[in-house]
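Participant: Shown below is the structure under consideration.
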Amino acid sequence: MAEFSLGLNEDQLQIQKWVHDFAGNVMRPAAHEWDEREETPWPIIEEAARIGLYSFDFVAQAFLDPTGLTMVLVNEEMSWGDAGIALAIFGSTLAVAGIFANGTPEQHAEWIPQCFGTPDEIKLAAFGVSEPDAGSDVSSLKTRAVYDQAKDEWVLNGTKTWITNGGIANTHVIVASVEPGLGSRGHASFVIPEGTPGISQGQKFKKMGIRASHTAEVVLDDCRVPGRCLLGGREKLDDRLARAREGKHTSTQAAMATFEASRPSVGAQAVGIARAAYEYALDYAKERTQFKRKIIENQAIAFKLADMKLRTDAARLLCWRAAWMAAHHEKFEAGEGSQSKLFAGETAVWVTEQAIQILGGYGYIREFPVERWHRDAKIYTIFEGTSEIQRLVIARAISGLHIN
């Protein structure tokens, strides 16, 4: 087992610099344009694929890092560049996490490479859980998957919403109910391969932030997939459902397994936004003169910056701890994954707001990036589990009680 360390190894330092350079030289100069356009930044995704950043090989290398830290490092640097473009590039990794958490080794080998494609033929992937009437309450999913034994096919019907890459993805991973009476214990995950009839894009959403990332509904209308598209396989599902019917403990739910795997990386994205805002505000405060002195010489500003740095670094440490624990299969006894995402998300919102305050009027106009960072930050208290849900997870973990 690799020892927990705050010192990065040579490979991690090289990857961090490589991604930072891409974020600074390619993403940042284009961030304002794609935020305004509210479109998928294909040229930047193509450049990421060309250099190997958007690829199965790189993501596999990051996921398999025995320290667990490479993926959080990458996510922080990418969101330091721009969170919307970062999600456009790495939105596929949520589907990858869904396949990895719930699939068999054979399914990993078959489906994960298809989430990326090649530099000459780029592919995207999407992961769909949320529905119009089932956001935080995952147990209320209405999307159904019914098994057609005669054809060895699953038939899916329903509507997913708030889906990153929804409808434009080549591969979709969908969580559906196979036995509604069991609530969330009756869910399963399915891969919807490219070209499958019965899956389409619904409404595309115009958002407050992360505008370069495509978010839309996914509509499933008698969408048929082969039996092999059930992640984990039929035998494992039947065993899990039987145990659930008997009231016995079952393995981690399909959606929750994915979120637990992804929360430290999502938290790291928020850290990247917070760090960007802190650095920008610090530089501004050291240059801006009012009343014949630099504004950082005023305690009101200097103390804000001190707290911004403090909270950003603390958020990073929580993400690193959770990522390390996940890589080493250490049980989250106190909701450590939720702690990282909760604190990092709320930190990003707070730090970006302070940056706006430090810049004053300049912080409020769109010619300066801090207002965009503030808009981008807010989603991190909402998606992949709201702040309220993260607190619920933590409270249940530390109390051992089923708190509602």
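The values are calculated or read from the model by the stated rules, or taken from the named source; none is laboratory data. Because the structure is predicted, anything quoted here is derived from the model rather than measured. Methodologically, a virtual Cβ is constructed for each residue, glycine included, from the backbone with ideal geometry; neighbour enumeration extends over all protein chains shown.
Participant: Restricting the search to region 381-396, which residues are in contact with a Ser or Thr (Cβ under 8 Å, 6 or more places away or on another chain) and of a type in the set (A, V, I, L, M)?
Facilitator: Ile389, Val393, Ile394, listed by residue number.
Participant: Continuing with this model, one more query. Looking at region 75-124 only, could you name the residues that are part of a helix (DSSP H, G or I), closer than 30 Å to His374 by Cβ and touching a Gly at 6+ places or on another chain (Cβ under 8 Å)?
Facilitator: Asn75, Glu76, Glu77, Met78, Ser79, Trp80, Gly81, Ala83, Gly84, Ala86
Participant: Please determine whether any residue of region 301-313 is in the same structural domain as Tyr278 (by TED's automatic domain parsing), part of a helix (DSSP H, G or I) and within 19 Å of the chain's Cα centre (by Cα).
Facilitator: Scanning region 301-313, I find at least one residue that is in the same structural domain as Tyr278 (by TED's automatic domain parsing), part of a helix (DSSP H, G or I) and within 19 Å of the chain's Cα centre (by Cα), so the answer is yes.
Participant: Pairs please, first residue from region 263-277 and over 19 Å from Gln354 (Cβ atoms), second anywhere and not in a helix (DSSP H, G or I) and not hydrophobic (A, V, I, L, M, F, W, C), Cβ atoms under 7 Å, 6+ apart in sequence or on different chains.
Facilitator: Filtered contacts from region 263-277: Arg263/Glu384; Val266/Glu384.
Participant: Further, regarding this structure: Residues in region 157-166: is at least one of a type in the set (Gly, Ala, Ser), at pLDDT 95 or above, loosely packed, with under 15 Cβ neighbours inside 10 Å and out of contact with any helix residue (DSSP H, G or I) (no Cβ under 8 Å at 6 or more places or on another chain)?
Facilitator: No, the conditions are met nowhere in region 157-166.
Participant: Can I ask one more? Do we have Thr289 as more than 26 Å from Gly98 (Cβ to Cβ) and buried (at least 22 other Cβ atoms within 10 Å of the Cβ) here?
Facilitator: no
Participant: Tell me which of these Leu392 doesn't satisfy, since it passes every other one: (1) out of contact with any helix residue (DSSP H, G or I) (no Cβ under 6 Å at 6 or more places or on another chain); (2) surrounded by 14 or more Cβ atoms within 10 Å (Cβ to Cβ); (3) of a type in the set (A, V, I, L, M, F, W, C); (4) touching a residue at least 40 places away in the same chain (Cβ under 8 Å).
Facilitator: Exception for Leu392: condition (4).
Participant: Let me ask something else about it. Going by the conditions given, is Glu333 modelled with pLDDT under 95, farther than 22 Å from Ala95 by Cα and not assigned by TED's automatic domain parsing to the domain that holds Ile99?
Facilitator: The answer is yes for Glu333.
Participant: Go through region 160-175 and give me each residue that's among the hydroxyl-bearing types (Ser, Thr, Tyr), closer than 20 Å to Asn102 by Cα and within 16 Å of the chain's Cα centre (by Cα).
Facilitator: Scanning region 160-175 gives a single hit, Thr164.
Participant: Another question, if that's okay. Just for region 350-399: of the residues that are aromatic (Phe, Trp, Tyr) and more than 18 Å from Ser262 (Cβ to Cβ), which one is farthest from the chain's Cα centre (by Cα)?
Facilitator: Of all residues in region 350-399, those aromatic (Phe, Trp, Tyr) come to 350, 362, 364, 368, 373, 380, 383.
Subset that is more than 18 Å from Ser262 (Cβ to Cβ): 350, 362, 364, 368, 373.
Working: Trp350: 20, Tyr362: 30, Tyr364: 27, Phe368: 26, Trp373: 17 Å.
Applying the filter and picking the extreme gives Tyr362.
Participant: Continuing with the same structure: Please specify each residue of region 289-310 satisfying the condition of being under 14 Å from Gly360 (Cα atoms) and touching a residue at least 24 places away in the same chain (Cβ under 8 Å).
Facilitator: Answer for region 289-310, where residues must be under 14 Å from Gly360 (Cα atoms) and touching a residue at least 24 places away in the same chain (Cβ under 8 Å): Ile295, Ile301, Lys304.
Participant: Suppose the filter is in contact with a strand residue (DSSP E or B) (Cβ under 8 Å, 6 or more places away or on another chain) and not assigned by TED's automatic domain parsing to the domain that holds Thr40; does Asp137 pass it?
Facilitator: no
Participant: On to the next question. Quick check, is Ala212 not in a loop (DSSP other than H, G, I, E, B) and not assigned by TED's automatic domain parsing to the domain that holds Thr381?
Facilitator: No, not satisfied.
Participant: Using the structure shown, decide if Glu367 is of a type in the set (Asp, Glu), loosely packed, with under 15 Cβ neighbours inside 10 Å and in a helix (DSSP H, G or I).
Facilitator: Taking the combined requirement at face value, the residue does not satisfy it.
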